[in-house]
Amino acid sequence: MAEYARGSIKKDTSHMEKREEFVGMLKENQNKSAVKQEGNKLPQYVCAIIASIGAFVIGTVLAWTSPTLKLLETENSTAQLHIAPEKTDENTFQRMWISALTPLGAILGALPAGYFADLLGRKKTMIFFTVPWIVSWALLIFGTSVAVIYISRFLTGIITGLFCAVLPLYVNEISEDSVRGSLGTLFQVFLTLGILFDYTLTLTHSYLIVNLACGAVTVLFFAVAFLLPESHVYLMKKNNRPEAEKSLRRLRGPYFDIHVELNELRKNLENAGEQSLSYSEMFTPVNIKALAIALGLMLSQQLSGINAVIFFAEDIFTIAGVKNAALCTIGMGVVQSMATVASSVLVEKAGRRLLLLISSIGMGVTLIVLGYYFKIKDDPANASLGWLPIVCLFFFIIVFSLGLGPLPWMMSGELLSPEIKSFGSGVAVATNWICVSIITGSFGSLTKAIGESFAFWLFAVIVLIAAAFVFFFVPETKGKSVQDIQLELAGKKPSTQSNGNA
């Protein structure tokens, strides 16, 4: 009997040991899955792509003058209106205002973008302001006077400036740290595709088709924007945790522990004390530093001479003896799009700083060579160098698209803390458009005053200064949480990186 009892105890003990071992294995597996847990990337990519259709529309806005101004100058155009013939004072005046009203409107649209994004939400702001975008295309389709073009381009500029701030903000907030860079560069990818779309429409020689096609893309964006979830960051700011959970569940998938990320986000928002801070209280030394770096990147992008080079592209092709400048312009758009896609692939591998340094140094060297060509081009002995400016132009576009093109938009959202992100994004975008207006408006006068070669050398000096700015002041943000980025800006050692996103 005693032996039977001892046997039973041994069996029970053995059973308990196996059970404890099994439970231990379960806990170990759960801990491993918790450590390695990452959300489903597919919903994030889908939402970022849908949102970036808005950037495609921005591209069509920016490149609109390329296919349309010449069409408006011909009496056999399909347009219902015409601008003055070429080489007249009236033509110069009309072209200037048609080109200038969009960036001027964008400055006005960017400044209140953060206010509307916080008032209505990121998603509702995009949907609401797409309506006047559609109206602006309708004005171009049905308008019968040059004044209609002025109104449309100014209205389009306002909406474009607003979207340049809200779109990157939305994509930044819905993205996990591990894919934030790749998704952030989609803004510039789709923007360049929109530009290429407009360049291609040039081949139709139809003003009506250009505007109908651009308007159709805008209507498409309006329709698909309803499919997007609202930013969970915005919902948590509004203390709407139930809706934030629903939104994050859609973005991360059913097997992701959303509570860890939302709790971390809530902690960051509480530490920031956003609800009780005035604008003056938001500007802590760290926030000022983050905003200064964001503004510095925007200034570097536009003062690099990118718009001046694109503005001068057709003249460069003509000087080089190219017969079909339109096809070369399309080719340039294709190269720009491909290089921007390459940036979206490299940004999570090479990092932000390296791409920015390669971009700015490469652009500086190219501008030096381009300036040298314009210095010697009038010498008959150098007639065989007609290929050189074309190579410079394409290389310039490639290195710009790898770094200084897409990354300032994305990094503005990464660097700015939650309490200043909406306001700071609007200021950064407004600064960008102010530079666009200045460079575009003054480049012709600058080249007349100091010559093409010295103008390009001036841009080369600026962009090399930008490289030094990146090297000394811009932190690497690849794979880092908002909290770690803020700690690094404060000069403190970042904590252990997490999968959360703030």
Item to check | Vicinal HN-Hα couplings computed from phi for the stretch 352-361 (Karplus, 6.51 cos²θ - 1.76 cosθ + 1.60; Hz; Gly/Pro x) | outcome: 6, 4, 4, 5, 5, 5, 4, 5, 5, 5
Checklist entry - Considering every pair of different Cα atoms, what Kirkwood radius, in Å, is found for the stretch 325-365? => result 11.4
Item to check | Solvent-accessible area of MET338 with every protein chain in place, 1.4 Å probe, in Å² to the nearest 10 | outcome: 130
Checklist outcome for this item: Long-range amide H partners of LYS478, meaning residues 5 or more apart or on another chain whose placed amide H is closer than 5 Å, are ARG352
Checklist entry - Using θ = phi - 60° and the Karplus curve 6.51 cos²θ - 1.76 cosθ + 1.60, what whole-Hz ³J(HN,Hα) does each residue of the stretch 365-378 get, with Gly and Pro shown as x? => result 4, 4, 5, 4, 5, 5, x, 5, 4, 5, 6, 10, 5, 7
Item to check | Hz values of 3J(HN,Hα) by residue in the stretch 149-164 - Karplus curve (6.51, -1.76, 1.60), Gly and Pro given as x | outcome: 4, 4, 4, 5, 5, 5, 5, 4, x, 4, 5, 4, x, 5, 5, 4
Checklist entry - What fraction, in whole percent, of alpha-carbon pairs in the stretch 300-385 exceed 14 Å separation? => result 74
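Leaving ligands and nucleic acids out of the surface, order TYR150, TYR170 by accessible area at 1.4 Å, largest first. Intermediate values should be presented prior to the final figure.
Values: TYR150 55, TYR170 0 Å².
Largest to smallest exposure gives the sequence TYR150, TYR170.
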Checklist outcome for this item: Among GLY351, SER384, SER337, the residue whose Cα sits farthest towards the positive end of the charge dipole of the stretch 330-389 (+1 at Cβ of Lys and Arg, -1 at Cβ of Asp and Glu, taken about the Cα centre) is GLY351
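I need the per residue convex hull volume for the stretch 379-502, using only the alpha carbons, in cubic angstrom as a whole number.
On the way: hull volume 17.1 nm³, N = 124.
With only Cα atoms used, the stretch 379-502 gives 138 Å³ per residue.
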Item to check | Label-point gap, in nm, between MET96 and LEU212 - each point 7 angstrom along Cα→Cβ | outcome: 3.5
Checklist outcome for this item: If amide H atoms are modeled at 1.01 Å from N in the peptide plane, then the residues at a separation of 5 or more from GLY253, or on another chain, having amide H under 5 Å from its own are ASN40
Item to check | HIS205 - accessible surface, heavy atoms, 1.4 Å probe, Å² rounded to 10 | outcome: 130
Next on the checklist: With a 1.4 Å probe and all protein chains kept in place, how much accessible area does PHE473 have, in Å² rounded to the nearest 10?
Outcome noted: 120
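The values are calculated or read from the model by the stated rules, or taken from the named source; none is laboratory data. Owing to the predicted nature of the structure, the values given are computational and were not obtained by experimental measurement. In this analysis, Cβ positions are derived from the backbone assuming ideal geometry, glycine residues included, and neighbour counts consider all displayed protein chains. Heavy atoms of the whole protein, side chains included, go into the accessibility calculation; ligands, DNA and RNA do not. Shrake-Rupley method; radii C 1.70, N 1.55, O 1.52, S 1.80 Å.
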